[in-house]
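Report on one structure; see the data block that follows.
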Amino acid sequence: MVLLDGKKISNDIKNEIAEEVKKMKANGEKVPHLAAIIVGNDGASLTYVASKVRACERVGFDSTMVRLSNTTSQVELLDKIYELNEDPEIDGFIIQLPLPKQIDTQKVLLAVNPDKDVDGFHPMNFGRMALDMSTFIPATPFGILELLDRYGVDTQGKHTVVIGRSHIVGRPMSILMGRKGFPGNSTVTLTHSHTKNITQITSQADIIISALGVPNFLKAEMVKDDAVIIDVGITRVPDDSTEKGYRITGDVDFENVSKKASFITPVPGGVGPMTIAMLLKNTLLARERQMK
Ligand code: GUN
């Protein structure tokens, strides 16, 4: 069994990006600048955005965190987005999801300038992705592709089963794994809450990508020998024995599934750190595109 070490690979990618930034600085060019809007006080979202800002510092990007209160109206949020769309200093920005219920997420994502949409959530970028055009690939799926690529995991002609059809992970992942090229050329099954006999499907999979958010959902009995297992779950499970009072748990029963798998991502230290590295990569791409 090979551990797909997202911590290590994300560090490699950050080092590569930091080198690019050094060159930009040496040439007197503007360095990439990422902004993140966060609405409300959700603990997990605040942690993620803080990690994104720290990652920017680590590679030499400029970053701006925009904090808005939980009671922010849709109009106020849209005004902020229009401001960032027009700000020549900002190369890319994200709106951390989920948003409070008074805000229509789809309207918000549509308002983002597609050239600055480093999350790849705008329908134009999502459509470009589905059509094999150059675009911003959403960071988590992009990170999974990069992990598969750097470990040389064979995807061609394999049966990939994706669990969960979220707009952020499952849906784009199902499109990307079936695209022409590498990693891709897979035969893809997208499963979700209405899927019947899921064990029958997962037990035929060469590659399983689980993005469900149910701790320890995927058991050893659901997986065939030598399967490749990608665990996108990052659920906070209460645990008094830890300092924070919780631990991060994946969708996969790692202890038992890892005995059967050929490749597997740990949680934490698998897909999570890759997401941040690929957000930086998209921001670098946004800067490069704006220079052209
Ligand atoms: N919430 C969970 N994952 C993500 C992500 O990749 N981007 C944003 N903006 N919000 C998220």
What base-10 log of the normalised intensity I(q)/I(0) is obtained for the stretch 184-226 from the Debye formula, alpha carbons as equal point scatterers, at q = 0.14, 0.23, 0.31 Å⁻¹? -0.32, -0.89, -1.44
Which whole-number percent is the relative contact order of the stretch 48-118 (Cα, under 8 Å, 6+ apart)? 33 percent
Sparse-neighbour loop sites [trypsin sites (Lys or Arg not before Pro); the stretch 161-256; at most 15 other C-beta within 10 Å; DSSP]: Lys180, Lys196, Lys219, Lys224, Lys244
Added length on full extension, which subtracts the Cα-Cα distance from 0.36 nm per residue, Met1 to Glu255: 90.2 nm
In sequence order, what are the phi-derived ³J(HN,Hα) couplings for the stretch 216-230 according to the Karplus relation 6.51 cos²θ - 1.76 cosθ + 1.60 with θ = phi - 60°, rounded to whole Hz, with x for glycine and proline? 6, 5, 8, 9, 4, 5, 8, 10, 8, 4, 6, 5, 9, 10, 10
Taking amide H positions as placed 1.01 Å from N in the peptide plane, with prolines and chain starts having none, which residues 5 or more places from Thr64, or on another chain, fall under 5 Å of its amide H? Leu34, Ala35, Ala36
Would you tally the net charge around Pro238, using a Cβ to Cβ cut-off of less than 11 Å, leaving Pro238 out, and scoring K and R as +1, D and E as -1? +1
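So if the hydrodynamic radius of the chain is defined as the Kirkwood radius over C-alpha pairs, what does Stokes-Einstein give as its diffusion coefficient at 10 °C and 1.306 mPa s, in µm² per second? Working shown, then result.
Values: Rh = 19.7 Å.
Here the translational diffusion coefficient equals 81 µm²/s.
With a 1.4 Å probe and every protein chain kept in, tell me what percent of the accessible surface of the chain is carbon plus sulfur.
On the way: 7040 of 13630 Å².
On the chain, the fraction of accessible area on carbon and sulfur atoms equals 52 percent.
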Calculated from backbone phi, Karplus (6.51, -1.76, 1.60) coupling profile of the stretch 67-81 in Hz, x at Gly/Pro: 9, 10, 6, 4, 9, 4, 8, 4, 4, 4, 5, 4, 4, 5, 5
Using alpha carbons only, how many degrees (0 to 90, rounded to 10) separate the axis of helix 43-59 from the longest principal axis of the chain? 70 degrees
Karplus-derived 3J(HN,Hα), 6.51/-1.76/1.60, for each residue of the stretch 202-213, Hz, glycine and proline x: 5, 6, 9, 7, 7, 10, 10, 10, 9, 10, 9, x
Förster radius 35 Å - calculated FRET efficiency between Val75 and Lys8, Cβ distance, rounded to 0.05: 0.20
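Below 8 Å between Cα atoms, with a sequence gap of 6+, how large is the relative contact order for the chain in percent? Please report the intermediate quantities before stating the final value.
Details: 571 pairs, mean separation 62.2, N = 292.
Reported relative contact order: 21 percent.
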Length gained if Ser241 through Thr105 is fully extended, taking 0.36 nm per residue and subtracting the Cα-Cα distance, is 45.3 nm
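If I stretch the segment between Lys180 and Gln200 completely, what's the gain in nm (0.36 nm per residue apart, minus their alpha carbon distance), one decimal? Don't skip to the answer; put the middle values down first.
Working: separation 20, 0.36 × 20 = 7.20 nm, distance 2.68 nm.
Length gained between Lys180 and Gln200: 4.5 nm.
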Does a label point 7 Å from the Cα of His167, set along Cα-to-beta-carbon, have any residues of the stretch 34-54 with amide nitrogen under 17 Å, and which are they? 37-39
Dipole in debye (nearest 20) - the chain, about Cα centre, beta carbon charges: Lys, Arg +1; Asp, Glu -1: 280 debye
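Heavy-atom accessible area per residue, the stretch 57-98, 1.4 Å probe: how many Å²?
Values: 2220 Å² over 42 residues.
For the stretch 57-98, the solvent-accessible area averages 53 Å² per residue.
The values are calculated or read from the model by the stated rules, or taken from the named source; none is laboratory data. The structure presented is a predicted model; accordingly, all values stated were derived computationally and were not measured. A quick note on method: Cβ atoms are made from the backbone with ideal geometry, for glycine too, and the neighbour counts reach across all protein chains shown. To get the accessible areas, we keep the full protein, side chains included, count just its heavy atoms, and leave off ligands, DNA and RNA. Shrake-Rupley method; radii C 1.70, N 1.55, O 1.52, S 1.80 Å.
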